[in-house]
Amino acid sequence: MAPTQTVHHHRSTTKKPNKSFKTRHASKGALKELDKVIDHPPGKVERSERGSRKTPHQQLMSRLDRRNQARQKQQLKHKEKAEAVSIFSGQNGAPRHVAIVPLSVDIDVAAVISSLNESVDVSADVSPDSPSRVRVDRFRQTLQYIPAKYDLMNALDVCRMADFVMLVISAQFEVEEQGELLLRSIEGQGISNVICVAQGLDKINPPKKRPQVSASLKSFVNHFFPSVDKVLSVDSRQECSNAIRSLCTATPKGVRWRDERSWMLVENVNWPEDNSEVVDNVILTGVVRGRGLKADRLVHIPGWGDFQIDSISAAPLPTGRAKRDDAMNVDGNDSTQVLEVPTGDRDDLDIVAPEEIEMEDENISIAETVRKGVLLDEHHYFSDDESHIPAKPKKLPKGTSEYQSAWFIDDISYSGSDMESEDEDEEMDMDTTGAPEDGVFPDHNDAMTEAGATEYPQSEMFVDRPLEDETQQLEEYRASRRKEASDDLEFPDEIELHPNVLARERLARFRGLKNFKTSPWETSEDRPHEPEDWRRLLQIADYKGSKNKTIAEALVGGVSPGTRVDVHLRAVPATLRNKPQPLSVFSLLRHEHKHTVVNVNLTLNTSVEEPLKSKEELIIQCGPRRLVVNPIFSSNDNTPNNVHKFDRYLHPGRSAIATWIGPLTWGAVPVLVFRNKPVQDPEVLDSADDNQPDIAHLELIGSGTVVAPDQSRVIAKRAILTGHPFKIHKKVVTVRYMFFNSEDISWFKALQLWTKRGRSGFIKESLGTHGYFKATFDNKLNPQDTIGISLYKRVFPRKSRALEDVIG
């Protein structure tokens, strides 16, 4: 019988049916939440993802119910859009602000406005220096063109007021550096809808190159504003008509920080006939936008300052019906309708709190106590007190409790693998990580450093070297250190003391911290060095709650947006008559005139070549304000003790917290940072005044966002003193070049020593009179290691100045 032939079979599939993954919604609590029926308020529909049905009711909805739900969503969307554009509807509706921004010198702004008007058969007088208002009957809308100059500050002022920003590009000349500066600046301060047009496109010959030029211009604009889908030509009547259609029918998306406040485009300024230095009843006319305008709140006028409101009266535009009867028109002008007057809740112009009442327990004089050592955390340690040196860890059997460990004497030790250190179970918080110079050391169980050759016989007597030899060796050592520091930049906070300078006097304000991120900061020592009015600044305990309350307060009351009003100001300096007419008025939220410690999360542009130094004079724009500030930079971290390291420089592409004393700003308002351009001509450089900022030659070097102000935020400047291991014997090291006399060693004896490679130790005793001392460390040291101590001093921010007060 023939053997049966076996046939080889392959698996039908290579897929393996694995168990499905349980998501985070598979817990009992999550399933219970899914089973709940959510009751929605009337008129509101749950905004869920398309196709998802969360409740059992939604899972059983019929097709008719689903159609009804979709119709409700559509109606709600139309209602929100109608509310957004309702301010522009009607014969007397608010005009849509259109900013015309030229991006090159050859742009004719007046010709652009005239082309737009002619495309919809509107004839109006056009001025390149003042706003012009036109009525477009085809779309039943009113447009107000605001022409901008080829100037940075003027373009920023105009775009702040705009619902639509029309960028005008030349088809014949490229956008220069000044034009790119305008684009980056108006984008950084916040911008609404953007429309891009080209001028001179019909002059490109041959005509077949025009689409290529238009595509090139669109590619350039999309680098800054990707939402722009087409570059229109102002030389074409059809494309101008399309631009007008977009301006009249689109919904402005607005600028968030601007729309949280009440603001107004100034149409006219009326000064009374008064020759006094301070004038009352100065009238600004315009249409209220944003929130309701309140007479109790202060107003900020860019270029002028902050002022109080006397009253707000109606100023409607004259209509044809009112012109029929001249007598009635005269009577109507005599009886002005007052819409808002101040109440007892009016804000004052004080920038700081009234004079504080000194508490008796705060008048303790520092000189009453004789101090023999540096301040470490909250205590002054004395030179004859050895309690600051931590005890040597005990060797304990495994399983020993904290109570049982007290019964083991230090000299007793056990051999074998049942030994453990008492500190092995201690864990550090994630927020407390740091470097050895911060008082944070790595695990010492591994061999981090190599044992160096010992030259330290215990019986050898220490003898001072000749002073000339010490000086020569010190210069050679520091010269080699300077070369290493310039190459590696590992110790940016290191300072060098002169041998004839006493460290305890040079570093009198400095203190020590056991751990930079967790040790408490004693603020009583900083009281004599606080800036003027430091304790009178505005302090906010709950910033988030206060901000939400203040912004919600602006939603209720005041003159309704869309109303044309006359704002009567009080106490206006007569010197402002000679200044140009202001373009805008911003109503400040409650407390926004008061000074506080302003913190800004600042990022330096990568295009900046050199790092920015702390306390360098800068010009910043924060919302409606422009200030001259000298900020100090600090690390942007969250520490348990609210102590942050002072940064001497802010490097390009990096972020830091910039701090100064200035007026409060609620919310995450964008900040622009400018600096005077360096002058290349040496003759101009010699004759220029360094203290006077020149707003005509500015460069944008960074941008940021306002964060919560915090007066208790400590900015600590670190100073590192380094020494060289002279002799090493096991864990005992002789250190030199850190101090130069025994008195300084006794003063700083309580501070913890650290090394570059992660070892820690303490000063044991002074040797001789030239600043040598003996120190003990937790393990053997490498002869090439560097020993240091960290000292800290609190740095206070400087006051800001209004730009209009500086430039005059």
Subject >> Cα gyration tensor shape for the range 174-263, rounded if a/c is under 1.5, else prolate or oblate >> reply: oblate
**OP:** Could you tell me what percent of the DSSP beta bridges with both partners in the range 79-151 are antiparallel, to the nearest 5?
**Re:** 50
Original post:
In percent, how large is the relative contact order of the range 87-254, given Cα pairs closer than 8 Å and 6 or more residues apart?
Top reply: 27
Original post:
Expressed as a whole number of Å, what is the distance separating the alpha-carbon centroids of the range 766-808 and the range 172-246?
Top reply: 54
**OP:** Tabulate in residue order the Karplus-calculated ³J(HN,Hα) for the range 497-502, using 6.51 cos²θ - 1.76 cosθ + 1.60 with θ = phi - 60°, rounded to whole Hz; enter x for Gly and Pro.
**Re:** 8, 6, x, 8, 9, 7
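Enumerate by residue number the GluC sites (Glu not before Pro) in the range 202-279 meeting two conditions: DSSP loop (anything except H, G, I, E, B), and at most 12 other Cβ atoms within 10 Å of the site's Cβ.
Details: sites: Glu239, Glu260, Glu267, Glu273, Glu277; in loops: Glu260, Glu267, Glu273, Glu277.
Taking the range 202-279 and a limit of 12 other Cβ atoms within 10 Å, the loop GluC sites (Glu not before Pro) found are Glu273, Glu277.
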Subject >> Dipole-positive endmost among Leu152, Gln141, Val112 within the range 87-254 (Cβ charges, Cα centre) >> reply: Gln141
Original post:
Ratio of the range 87-254's C-alpha Rg to 2.2 N^0.38 Å, to two decimals?
Top reply: 0.97
**OP:** Starting from the exponent 0.38 and prefactor 2.2 Å, build the expected Rg for the range 250-308 from its residue count and divide its actual Cα Rg by it.
**Re:** 1.35
Original post:
Within the accessible area of the range 87-254, what % is carbon and sulfur when the probe is 1.4 Å and the other protein chains stay in place?
Top reply: 45
**OP:** Treating only the Cβ atoms of Lys and Arg (+1) and Asp and Glu (-1) as charged, compute the dipole magnitude of the range 87-254 about its Cα centre; round to the nearest 20 debye.
**Re:** 620
**OP:** Please tell me which of these pairs span more than 31 angstrom C-alpha to C-alpha: Lys28/Lys517; Lys756/Lys793; Lys149/Lys549; Lys28/Lys544?
**Re:** Lys28/Lys517; Lys149/Lys549; Lys28/Lys544
**OP:** Rounded to the nearest 0.05, what FRET efficiency do Lys32 and Thr471 give with R0 = 56 Å and r taken as the Cβ-Cβ distance? Could you check?
**Re:** 0.10
**OP:** Keeping all protein chains in place, calculate the accessible area per residue for the range 87-254 (probe 1.4 angstrom), answer in Å².
**Re:** 43
Subject >> Alpha-carbon centroids, the range 557-581 and the range 528-555: separation in whole Å >> reply: 27
**OP:** Mind checking the range 142-209 for GluC sites (Glu not before Pro) that DSSP puts in a loop (not H, G, I, E or B) and that have at most 15 other Cβ atoms within 10 Å?
**Re:** Glu174, Glu176
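The values are calculated or read from the model by the stated rules, or taken from the named source; none is laboratory data. For clarity, every value in this text was computed on a predicted model and none was experimentally measured. Cβ sites come from the backbone with ideal geometry, for glycine too, and all protein chains shown count toward neighbours. Note: areas computed on protein heavy atoms with side chains; ligands, DNA, RNA excluded. Shrake-Rupley method; radii C 1.70, N 1.55, O 1.52, S 1.80 Å.
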